[in-house]
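The values are calculated or read from the model by the stated rules, or taken from the named source; none is laboratory data. This structure is a prediction, so every number in the text was calculated from the model and none was measured. Heads up, the Cβs are rebuilt from the backbone with ideal geometry, glycines too, and the neighbour counts pull from every protein chain shown.
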Amino acid sequence: MAESLAFSKTADRKIIYEEIIPQIEALVSGETDLVANLANICAVLKEAFDFFWVGFYLKKENQLVLNAFQGPIACTRIDFDKGVCGHAYTTRETAIVPNVDEFPEHIACASASKSEIVLPIFEKDGEVFGVLDVDSDKLNDFSEIDAEGLGEIIKIIESLI
Ligand code: SME
């Protein structure tokens, strides 16, 4: 396993996603512990993009429960009908929210969070396993490039569950 992450110092996120995805594949290969792998994926995303908050909420009984993350302390449990995370869980689709103050159900874990993207993670039987939540302290910080790049990382995670 590589001991450090290598990526270009560029503002072009597409390039960075292309560079980190093979490194994430290498990082998780041979490790069967899911939390260890999710934790390292958070660390990669935090280091590569310096996101304000990046982490996972996984379905436990009838809620989404905080799992591996990087960033400030966060809400530990989210109901399926609450927040951008709950929205992505129930609609089973990626949610990009350019301004969280304009999203009625947004849960303000941190007032510094301004925009976010949440992607569902699917089990092999089609059930939603959980979500990847990435928050930014800048308005309108996420685009289809993030949806595609993070979507590739979700595929890696789905191969592990
Ligand atoms: N922003 C999320 C809540 C979780 S935190 O921001 C870490 C939401 O509204 O779903």
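In region 21-35, what count of residues is obtained for those that are surrounded by 13 or more Cβ atoms within 10 Å (Cβ to Cβ) and free of Cβ contacts under 8 Å to residues at least 60 places away in the same chain? Steps first, answer last, please.
Residues of region 21-35 surrounded by 13 or more Cβ atoms within 10 Å (Cβ to Cβ): 21, 23-25, 27-28, 34.
From the residues that got through so far, the ones that are free of Cβ contacts under 8 Å to residues at least 60 places away in the same chain too are 23, 27.
Residues in region 21-35 being surrounded by 13 or more Cβ atoms within 10 Å (Cβ to Cβ) and free of Cβ contacts under 8 Å to residues at least 60 places away in the same chain: 2 in total.
I'd like the full set of residues that are within 16 Å of the ligand (Cβ to nearest atom), assigned to a helix (DSSP H, G or I) and not hydrophobic (A, V, I, L, M, F, W, C), limited to region 24-61.
Scanning region 24-61 gives a single hit, K46.
Name every residue in region 1-20 that is surrounded by 10 or more Cβ atoms within 10 Å (Cβ to Cβ), assigned to a loop (DSSP other than H, G, I, E, B) and of a type in the set (D, E, K, R), in order of residue number.
If the condition is that a residue be surrounded by 10 or more Cβ atoms within 10 Å (Cβ to Cβ), assigned to a loop (DSSP other than H, G, I, E, B) and of a type in the set (D, E, K, R), then D12 is the only one that fits.
Suppose we filter A88, A108, A147, A112 for residues that are crowded, with 21+ Cβ neighbours inside 10 Å and small (G, A, S); which single one remains?
A88
For D137, state whether it is within 9 Å of the ligand (Cβ to nearest atom) and either touching a Phe, Trp or Tyr at 6+ places or on another chain (Cβ under 9 Å) or of a type in the set (A, V, I, L, M, F, W, C) (or both).
No; evaluated as a whole, the condition is false for this residue.
Within region 74-95, count every residue that is without any contact (Cβ under 8 Å) to a residue 40 or more places away in the chain, among the hydrophobic types (A, V, I, L, M, F, W, C) and near the ligand (Cβ under 9 Å from one of its atoms).
Summing the residues that are without any contact (Cβ under 8 Å) to a residue 40 or more places away in the chain, among the hydrophobic types (A, V, I, L, M, F, W, C) and near the ligand (Cβ under 9 Å from one of its atoms) in region 74-95 gives 4.
Residues in region 114-133: is at least one over 11 Å from the mean Cα position of the chain (by Cα) and within 12 Å of the ligand (Cβ to nearest atom)?
The answer is yes; a qualifying residue exists.
When you go through Y17, Y89, Y57 one by one, which is the residue that is touching a Phe, Trp or Tyr at 6+ places or on another chain (Cβ under 7 Å) and within 21 Å of P120 (Cβ to Cβ)?
Y89
In this structure, does V65 turn out to be surrounded by 16 or more Cβ atoms within 10 Å (Cβ to Cβ), free of Cβ contacts under 8 Å to residues at least 40 places away in the same chain and touching a Ser or Thr at 6+ places or on another chain (Cβ under 8 Å)?
Values: surrounded by 16 or more Cβ atoms within 10 Å (Cβ to Cβ): no; free of Cβ contacts under 8 Å to residues at least 40 places away in the same chain: yes; touching a Ser or Thr at 6+ places or on another chain (Cβ under 8 Å): yes.
Considered against the rule, which asks whether it is surrounded by 16 or more Cβ atoms within 10 Å (Cβ to Cβ), free of Cβ contacts under 8 Å to residues at least 40 places away in the same chain and touching a Ser or Thr at 6+ places or on another chain (Cβ under 8 Å), V65 comes out as no.
What number of residues within region 93-131 are at pLDDT below 90 and part of a helix (DSSP H, G or I)?
So the count comes out to 0.
Looking at region 144-161, is at least one residue in contact (Cβ under 8 Å) with a residue 60 or more places away in the chain, within 19 Å of A39 (Cβ to Cβ) and of a type in the set (S, T, N, Q)?
no
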